[in-house]
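K.L.:
The structure's right below; bear with me while I get my questions together.
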Amino acid sequence: MANGTRPGGLTALAVLNFVFGGLGAIFTLLAFGGLALIREGIKQAEASGVKYEGQSMTIAYVVIALTGVAAFLLIISGVGYIKQAKFGRSMGTLYALVSIAGSVIGMATGGGIGVGTILFSVYPILTLILVNTTFKNNLVN
């Protein structure tokens with residue numbers, strides 16, 4: 001912007017990044033804890049002779065790790081949006097790609113398409129479009 005003010009849309013995007021990043025961090029911690037409980041349940045079931053034939057735990061850990069990385073990138077890119085810095089655009093783009101990859105892996109490995117998948121796909125695509133078109137010239141410091 002010529003007068004040096006930050007566009008309201010960029011500020012709103014930063015706030016959404018902070019909110020979604022915080023929620024993503026909390027979700028990641030809870031999910032890792034939940035997977036530890038599930039893994040223990042599987043061990044106990046297999047000890048009693050029941051064979052586990054569900055989704056790969058490794059894939060579940062990968063998807064949750066990608067969620068954690070995406071949450072971190074959301075917060076970092078939010079800071080970049082507030083500062084109108086180039087790294088905000090780079091981190092926003094990287095976040096979108098990581099989040100979309102996590103959604104694709106989750107869907108491809110049996111997670112299916114649900115409300116979460118749609119939410120975790122729409123916002124990254126919107127971010128990718130906005131930081132590389134609408135706000136491209138605002139993220140230059």
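The values are calculated or read from the model by the stated rules, or taken from the named source; none is laboratory data. All values derive from a computational prediction rather than experimental measurement. Backbone-built Cβ (ideal geometry, glycine too); neighbour counts: all protein chains shown.
K.L.:
Which of the following residues is part of a helix (DSSP H, G or I) and in contact with a Phe, Trp or Tyr (Cβ under 9 Å, 6 or more places away or on another chain): Gly80, Gly110?
P.N.:
The unique qualifying residue is Gly80.
K.L.:
With Ile64, Ile38 as the choices, which residue is in contact with a Leu (Cβ under 8 Å, 6 or more places away or on another chain), of a type outside the set (Phe, Trp, Tyr), over 30 Å from Asn141 (Cβ atoms) and part of a helix (DSSP H, G or I)?
P.N.:
After applying the criteria, what remains is Ile64.
K.L.:
Can you confirm whether region 64-73 contains a residue that is surrounded by fewer than 17 Cβ atoms within 10 Å (Cβ to Cβ) and either touching an Asp or Glu at 6+ places or on another chain (Cβ under 8 Å) or modelled with pLDDT under 95 (or both)?
P.N.:
The answer is yes, given that some residue of region 64-73 is surrounded by fewer than 17 Cβ atoms within 10 Å (Cβ to Cβ) and either touching an Asp or Glu at 6+ places or on another chain (Cβ under 8 Å) or modelled with pLDDT under 95 (or both).
K.L.:
Something else about it: Please state which one of Gly102, Gly116 is in a helix (DSSP H, G or I), touching a Phe, Trp or Tyr at 6+ places or on another chain (Cβ under 8 Å), under 19 Å from Phe20 (Cβ atoms) and not hydrophobic (A, V, I, L, M, F, W, C).
P.N.:
Gly102
K.L.:
Pick from region 102-122 the residues that are surrounded by 12 or more Cβ atoms within 10 Å (Cβ to Cβ) and over 14 Å from Ala70 (Cβ atoms): which of them is farthest from the chain's Cα centre (by Cα)?
P.N.:
Ranking the candidates gives Thr109 first.
K.L.:
Sticking with this one: Kindly indicate whether any position in region 50-57 is at pLDDT below 95, assigned to a helix (DSSP H, G or I) and either touching a Cys at 6+ places or on another chain (Cβ under 9 Å) or surrounded by 16 or more Cβ atoms within 10 Å (Cβ to Cβ) (or both).
P.N.:
no
K.L.:
OK, next. Can you tell me which residues in region 77-98 are within 17 Å of the chain's Cα centre (by Cα) and of a type in the set (Gly, Ala, Ser)?
P.N.:
Across region 77-98, the qualifying residues are Ser77, Gly78, Gly80, Gly88, Ser90, Gly92, Ala96.
K.L.:
From the list Ala96, Ala71, Ala85, exactly one residue is closer than 24 Å to Arg6 by Cβ and touching a Pro at 6+ places or on another chain (Cβ under 6 Å). Which is it?
P.N.:
Result: Ala96 is the single residue among Ala96, Ala71, Ala85 that is closer than 24 Å to Arg6 by Cβ and touching a Pro at 6+ places or on another chain (Cβ under 6 Å).
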